[in-house]
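The values are calculated or read from the model by the stated rules, or taken from the named source; none is laboratory data. This structure is a prediction, so every number in the text was calculated from the model and none was measured. Virtual Cβ from ideal backbone geometry, glycine too; neighbours counted across all protein chains shown.
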Amino acid sequence: MHTRAPFDPTRRRCLASLGALPLMTTMTDLHAEVPQVLRRPIPSSGELLPVVGLGTYQALDVGNDPAGRAPLLDVMRTLVAHGGSLVDSSPMYGTAEGVAGDLAAQLDLRPRLFMATKVWTSGRDAGVRQMNESFRRMRTDRMDLMQVHNLLDWSTHLATLAPWKAEGRVRYLGITHYHAGAYGELEKLMRSKRWDFVQLNYSLAEPEAEERLLPLAAELGVAVIVNRPFAQGSLFSKVKSRELPGWASEIGCTSWAQVFLKWILANPAVTCVIPASSKVAHTMQNMLAGTGRMPDAALRARIAREIG
């Protein structure tokens, strides 16, 4: 009979350390015992990127509401406390870009963050206007990663972004999608070797990317950002009321979220996974998934069989 994984004492120390974070105005005095996430290289540059970032879809779409923004300050602190840096947004996420930029400015975190957003419109002039607005909202003069959202009018936007990258206004270029139906076009564009990143859906519930796209990314040297790691919460429905199996403790997991994220990160082609979160406790669990041991092939197969 499966037993619940024991509480990790390292996690206990981490919780104690993070309890003090709301009192801090900067991240310079973080406790050394806070576990730091692993980092993997961006193939096109060799720059190391933390393997767990922060998605902003819905989670940061709180507008100017002070009550909605208050817990997000701790979410951002927790991300950086664990060594995370990637914050991914889009103009289609309502007010999330502006909230992310404001939080980073309020906490003086911009130098520690890898800011990523997307262009999601048709036409050159509309794309330029939208991207300029994203720079303004995210309070940056230099975007770390600009992605073409769901491949919309990608060739037009690439004509704008290629010189912006050469000028240093953006550091990396990417393409994104959230559905396996777009994998054929994603594959075609990845083979063009004009993109540093591809962002796609990949999880225990949506594993199709591992058939062709993840091996191709590894072969071509394209960094992979994984969205929808919990398949919009459907994975939690599969394990509702189920205790965490005993094998979870073997890879340092104290929650199902960590199991789901570690299963993804155990694929070496994945550069970073970006679960969205508006709660500090969930953010901490997500960040801890990027630390310690990852499941080996046998355990990944077992997890897939048991949750599937």
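For the stretch 233-248, the count of residues that are among the aromatic types (Phe, Trp, Tyr) and touching an Asp or Glu at 6+ places or on another chain (Cβ under 8 Å) is zero. If you take the residues in the stretch 162-179 that are in a helix (DSSP H, G or I) and small (Gly, Ala, Ser), which one is nearest to residue 214 (Cα to Cα)? Ranking the qualifying residues of the stretch 162-179, first place goes to 162.
The rows are residues; the columns are (1) more than 18 Å from residue 206 (Cβ to Cβ); (2) touching a strand residue (DSSP E or B) at 6+ places or on another chain (Cβ under 9 Å); (3) basic (Lys, Arg).
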position: 231; (1), (2), (3): no, yes, no
position: 241; (1), (2), (3): yes, no, no
position: 248; (1), (2), (3): yes, no, no
position: 256; (1), (2), (3): no, no, no
position: 261; (1), (2), (3): no, yes, no
position: 266; (1), (2), (3): no, no, no
position: 276; (1), (2), (3): no, yes, no
position: 290; (1), (2), (3): yes, yes, no
position: 294; (1), (2), (3): yes, no, no
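The one condition from (1) touching a residue at least 60 places away in the same chain (Cβ under 8 Å); (2) surrounded by fewer than 19 Cβ atoms within 10 Å (Cβ to Cβ); (3) in contact with a helix residue (DSSP H, G or I) (Cβ under 9 Å, 6 or more places away or on another chain) that residue 246 does not meet is (3).
Please enumerate the residues belonging to the stretch 132-146 that are hydrophobic (A, V, I, L, M, F, W, C) and part of a helix (DSSP H, G or I). Within the stretch 132-146, 135 is the sole residue that qualifies. Applying the criterion of being β-branched (Val, Ile, Thr) and part of a helix (DSSP H, G or I) to the residues of the stretch 272-308, the residue that is surrounded by the fewest Cβ atoms within 10 Å (Cβ to Cβ) is 307. Restricting attention to the stretch 180-205 and to residues that are in a loop (DSSP other than H, G, I, E, B) and modelled with pLDDT of 95 or more, the residue that is surrounded by the fewest Cβ atoms within 10 Å (Cβ to Cβ) turns out to be 205. Note on the stretch 154-179: among residues that are surrounded by fewer than 18 Cβ atoms within 10 Å (Cβ to Cβ) and out of contact with any strand residue (DSSP E or B) (no Cβ under 8 Å at 6 or more places or on another chain), the one that is nearest to residue 48 (Cα to Cα) is 168.
Among the polar types (S, T, N, Q), surrounded by fewer than 18 Cβ atoms within 10 Å (Cβ to Cβ) and outside any helix (DSSP H, G or I) - does that describe any residue in the stretch 96-111? Checked against the condition, which is being among the polar types (S, T, N, Q), surrounded by fewer than 18 Cβ atoms within 10 Å (Cβ to Cβ) and outside any helix (DSSP H, G or I), the stretch 96-111 yields no hits at all.
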